[in-house]
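Enquirer: Before I ask anything, here is the structure I am working with.
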Amino acid sequence: MTNPFSERILLTLGIFFAVLGSLFPFLWFVLTSLKSQIQVEAIPPTWWPDGSVEFYCSALIDHDLFNYIWNSLIVASATTVIALVIATPAAYALARIRLQGKVWVFGGLLCVAMFPQIVIAGPVWQILERIGGLNTHWGLVLPYVTLTLPLAVWILATFFQELPLELEEAAQIDGCTAWQALYKVMLPLAAPGLFTAAILTFIYAWNEFFFALLILTDPVKQTLPVGIALFQGEFTMPWGEIAAASVIATLPLIVLVLLFQRGIISGLSAGAVKG
Amino acid sequence: MAGFALQGIEKTFGHTKVLQDISLEASDGEFVVLLGPSGCGKSTLLRIIAGLEAQTSGTVNIGDQVVDTLSPRDRDIAMVFQQYALYPHLTVRENLAFGLKMRKESPNVIEERIGEAAELLEIQNLLDRKPKELSGGQRQRVAIGRAIVRKPKLFLFDEPLSNLDARLRTSMRVELKKLHKRLGVTMVYVTHDQVEAMTLGEKIVVMDQGSIQQIGTPDQTYHQPSNPFVAGFIGNPPMNLIEGSLQTNLKNLEFRAGDFTLRLNAQVEVTPTPGSGSAILGIRPEDVGLDPPGAIHIALSCTIDVIENLGGDHVVYLLTQGQRLVARTTPNTIEKAGDSVTIYLPINKLHLFIHDSRVSLDIVN
Amino acid sequence: MLRPTSDHTTGWFMVFPALTFVAIFSLYPALDSFLLSLHRIYLGLPNLGQPFIGLSNYAQLFQDPVAHQAFIVTLGFVILSTTLELLLGIGIALVIHEHFKGRGWVRAAVLIPWAIPTVVASQMWRFLLNDQYGLANLILFGDQVDAYVPWLADPWMAFGAIVLADVWKTSSFAGLLVLAGLQVIPDEVYDAARIDGATAWQRFWHITLPLLKPALLTALLFRTIDAFRVFDLVFVMTQGGPGDATQVIQFYGYKTLFTEGRIGYGTTISITVFVAILILSLFYVRTVGSKLLDKETA
């Protein structure tokens, strides 16, 4: 006599509503993207789509969605790679090396995570203008890396902390310097942490809107969020295309989440536990 | 006050059968130990008795009541967990009071019971501390106290001593024994440590791979193990067990294992009659003597491989005819590694197992 | 943690690039913003110069009715959405903490709102609440087109809409933070409670909730800070309207700074928001974070 019936029902209801609530609004958008123009403009709206892909074609071709996707891909990938390269040694040092002033480093990173975007927006814009980074992808990557560093360092530091100290001690006895210990011993073992940090960084960079809006003014360079936010039709809101573009923009993320939900959850919650 | 009974308990997890046809009984006030290696199913069985797991089939009776449909809270049991499972955010006093509060006992009764338990376990000065401020031994007492205040019909222990250091374990063992005497409640105790089982148990249930190997008193399991598993599990150093084959010709038994031959030069009768075939021979290290005993015995010459000096005892590792044997003796002779010695195996101390069952070896004269 | 002193230099080298980025693109801009807030700067009127005016921008902000309104809207948003997200988050965490078949799928499903770009979610809700084509109207009123409500045109409804959108999007994140707290509670404690006679509700109230306090605090703080900074949602869904019913503080700052070019005043707004968040963060670091640092230096 373990789980009484009432608890089971509660759990099932909980699952039902959690899944329904999470997916339903988005599913509606997906359904919309598969409708035909007439269906979308129908008042009252219809439930089931015709299964037309005209919006996808229109979004991709007329509204140049591929361009936005490509830009997002470049920016997000670059951000992820650079952020990880910088965050890994930093996280290792913070987790394992006795540094004075470590508190300040943590505090600094924490602060960065807390800043409202707008506080740094103006000056960042000015800096980029001065170095010619405005309206360029690399110009956007610079603040992106800065913004994703706290989370990446946090996750990686937590992972490094979990690894047994004896491994590095053995490496030390075997003659490794700190860098060697990091690359040969810790890194392979912290691979899941790296993975999680990479995914979370990628998702952040893919979804970021504020700075992308600010820094990328030429539609040729703009990323997906900007594209979708500024989607304009000639006369009315092109909801069909917006829906289609949204589905396309979200699809890679959904795949990532489906494949790596376990890693994502453990990465996010690991940091929270220590806090 | 009640004993308990299990009939035909089986448990399957997915495709694995974890418990097979477990049936056993305990009388009121008995101290029952479930003994076995990790993975043998003893903890699962305990949890089934507690109601924390549901059995796949079979019935559980506590007292005269069939409890299968009852949740843990209604079975009137108490449990001491391996990691103590104290409520980390409550003080010791609140931990002890928790169960009684859940059952809406009056504050007077709660106070009284806490006082009794605290005195019994000598934790009066710890009542206002939180679990994280306590040592392992203290936490364990609080865990026991939490069980005592409930005055349950059945006490369940899930390897409660395994997280303590060796010295503390020994002293807690004695205290548990005294506690049982004092309270007189039926206790079911799970452990993999055969010393705990032997010292605490009135009835030992030896388990392996989900089934019961033997039920008996400590003496029974020690002197009359019913199969090689029990024989090898109980006793330290473990019983010497040699796998070989048995040949009977003209009432003379001959046991062979590779180069090792043992000829029983007395008249022995084996019940049931074995014929010839594979068998396992056993003898406890303390029964292997370096001096000729009075009883009828077999003598073997061996070489000493290693001697372990335990102070009051010596554990001697021997080699004879390609077979290793372990002996435990008092250190009165001047042996050293490499020496040749003669060992003496009293026939009445030999254990014989055929098809994994004990057969009795009687001297006929 | 026993590295010889020579590794200190290596340690600082390792941290250096990260610190540089943070210094250049985060700390310096924040400082710069603060300095700018002490000047009067109109981007569109360069001939007025950029005089230093001390704290008069802040004085002006203090009396600015639009700013007051923005603060109230933001505060309301923060309180409402954070509370709802925490409650839902606890529910979600409890559900995905249990073991059941297909748990991975349920977890992925619950994570999807979090993974969706905010602008996509905003467009989605905007469409859902559309007065002609919206799902909300379809579900509530079916064929009766005349009864369709223009949700985003009413100040209160619009406010409710951004709260709804935010709660939908981030409850699962709050849930994850709570889940972390749940996972730390040893199962044995629940077993002990069951044997002690606690019902499911009693177990939740007397054991789960008290032990979840640190996780709840963390979730509360992260979500509060994020809620204060809400921008994307408002930009896409309502542009601060109707009127200024959904004009949250960061949107007001954006408008002032980038649309109107009032750099001095705009940065004042942003710094004020930052100070509010900083006070919250310090409070957090004091209470919960100090435990974190103890663990790190162990």
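Any read-out appearing in this document is the output of simple, stated calculations on the displayed coordinates, not a laboratory observation. From a predicted model like this one, the values you see are computed outputs, not experimental measurements. Because the Cβ atoms are built from the backbone with ideal geometry, glycine has one as well, and the counts that use them run over all protein chains shown.
Enquirer: With all distinct Cα pairs included, what does the Kirkwood hydrodynamic radius of region B:122-206 come out to in Å, to one decimal, could you say?
Expert: Over region B:122-206, the inverse of the mean reciprocal pair distance is 13.7 Å.
Enquirer: Go through region B:32-44 residue by residue and turn each phi into a ³J(HN,Hα) via Karplus (6.51, -1.76, 1.60, θ = phi - 60°); whole Hz please, and just put x for glycine and proline.
Expert: Once θ is set to phi - 60°, the couplings for region B:32-44 become 9, 10, 9, 10, x, x, 4, x, 7, x, 5, 5, 4 Hz.
Enquirer: Oh, and also: To make sure I understand, if each residue's beta carbon is the centre and we count other beta carbons within 10 Å, what order do A:246, B:211 fall in, fewest to most?
Expert: B:211, A:246
Enquirer: What are the radius of gyration and Dmax of region C:35-296, computed over its Cα atoms and given in Å?
Expert: 22.5, 80
Enquirer: Next up: Check the straight Cα-Cα distances from residue C:169 and name the lysines below 27 Å, setting aside those fewer than 8 residues away within the same chain.
Expert: A:35, A:274, C:101, C:213, C:255
Enquirer: For the charge dipole of region B:4-233, defined by +1 on Lys and Arg C-beta atoms and -1 on Asp and Glu C-beta atoms about the Cα centroid, which residue among B:168, B:218, B:9 has the Cα displaced farthest towards the positive pole?
Expert: Highest projection toward the positive end goes to B:168.
Enquirer: Relative to the compact globular guide of 2.2 N^0.38 Å, what is the alpha carbon radius of gyration of region B:240-363, as a ratio?
Expert: Here the Cα radius of gyration is 1.07 times the empirical estimate.
Enquirer: Quick one: order A:196, A:46 by neighbouring beta-carbon count within 10 Å, fewest to most.
Expert: By the 10 Å Cβ count, ascending: A:46, A:196.
Enquirer: Just from the alpha-carbon atoms, what are the Rg and Dmax of the protein assembly as shown in angstroms?
Expert: When restricted to Cα atoms, the protein assembly as shown yields Rg and Dmax of 36.7, 129 Å.
Enquirer: What Kirkwood hydrodynamic radius do you get for chain B when you take the inverse of the mean 1/r over all pairs of distinct Cα atoms, in Å?
Expert: 23.1 Å
Enquirer: Given H placed 1.01 Å from N in the peptide plane, which residues other than close sequence neighbours of residue B:75 have an amide H under 5 Å from its amide H?
Expert: Those lying under 5 Å, H to H, from residue B:75: there are none.
Enquirer: Quick one: dipole size for region B:240-363, taken about the Cα centre, charges +1 on Lys/Arg Cβ and -1 on Asp/Glu Cβ, in debye to the nearest 20.
Expert: Its charge dipole is roughly 220 debye.
Enquirer: Another question, if that's okay. Seen from all sides and averaged, what is the projected area of the convex hull of the Cα atoms in region A:64-230, in nm²?
Expert: Answer in nm², one decimal: 10.7.
Enquirer: Can you show me the helix-derived [θ] at 222 nm for the protein assembly as shown, built from DSSP H runs with n ≥ 4 at -39,500 (n - 2.57) apiece and divided by the number of residues, rounded to the nearest 500.
Expert: Result for the protein assembly as shown, helices only: -16500 deg cm²/dmol.
Enquirer: Using θ = phi - 60° and the Karplus relation 6.51 cos²θ - 1.76 cosθ + 1.60, list the HN-Hα couplings for region B:114-124 in order, rounded to whole Hz, with x at every Gly or Pro.
Expert: The phi angles translate into 4, x, 4, 4, 4, 5, 4, 9, 6, 10, 4 Hz.
Enquirer: Take B:360, B:43, C:81 and order them by how many other Cβ atoms sit within 10 Å, fewest up front.
Expert: Taking fewest neighbouring Cβ atoms as first place, the list is B:360, B:43, C:81.
Enquirer: In region C:66-166, which chymotrypsin sites (Phe, Trp or Tyr not before Pro) fall in coil by DSSP and have 16 or fewer other Cβ atoms within 10 Å?
Expert: C:100
Enquirer: Here's a follow-up. Given that compact globular proteins tend to follow 2.2 N^0.38 Å, what is the ratio of the alpha-carbon Rg of region C:182-268 to that value?
Expert: 1.87
Enquirer: Where the only charges are on Cβ atoms (+1 Lys, Arg; -1 Asp, Glu), what is the dipole of the protein assembly as shown about its Cα centre, to the nearest 20 debye?
Expert: 1360 debye
Enquirer: Here is a follow-up. How big is Rg to Rh over region A:143-271, alpha-carbon atoms, Rh as the Kirkwood inverse-mean-distance radius?
Expert: Rg/Rh for region A:143-271 comes to 1.15.
Enquirer: Tell me which lysines have Cα within less than 27 Å of residue B:153's Cα, excluding those fewer than 8 residues away on the same chain?
Expert: B:11, B:42, B:101, B:104, B:177, B:178, B:181, B:203
Enquirer: In debye to the nearest 20, how big a dipole does chain A give about its Cα centre with +1 on each Lys and Arg Cβ and -1 on each Asp and Glu Cβ?
Expert: 780 debye
Enquirer: Another question about this same structure. Taking amide H positions as placed 1.01 Å from N in the peptide plane, with prolines and chain starts having none, which residues 5 or more places from residue B:80, or on another chain, fall under 5 Å of its amide H?
Expert: B:156, B:157, B:158
Enquirer: For residue A:220 and residue C:20, FRET efficiency with R0 = 41 Å and r from the beta-carbon atoms, rounded to 0.05?
Expert: Efficiency, from the Cβ-Cβ distance: 0.85.
Enquirer: If you don't mind, another one. Using the charge dipole of chain C (Lys, Arg: +1 at Cβ; Asp, Glu: -1 at Cβ; taken about the Cα centre), state which of C:19, C:48, C:58 has its Cα farthest towards the positive end.
Expert: Final value for the positive-end residue is C:19.
Enquirer: Step through the residues of region A:76-90 one at a time and calculate ³J(HN,Hα) from phi using the Karplus curve (6.51 cos²θ - 1.76 cosθ + 1.60, θ = phi - 60°), rounding each to whole Hz and writing x for Gly and Pro.
Expert: In residue order, the calculated couplings are 5, 5, 4, 4, 4, 4, 5, 4, 5, 4, 7, 6, 4, x, 4 Hz.
Enquirer: Along the charge dipole of the protein assembly as shown, pointing to its positive end and built from +1/-1 on Cβ of Lys, Arg, Asp and Glu, which listed residue (B:231, C:195, A:5) has its Cα farthest out?
Expert: In the protein assembly as shown, that residue is C:195.
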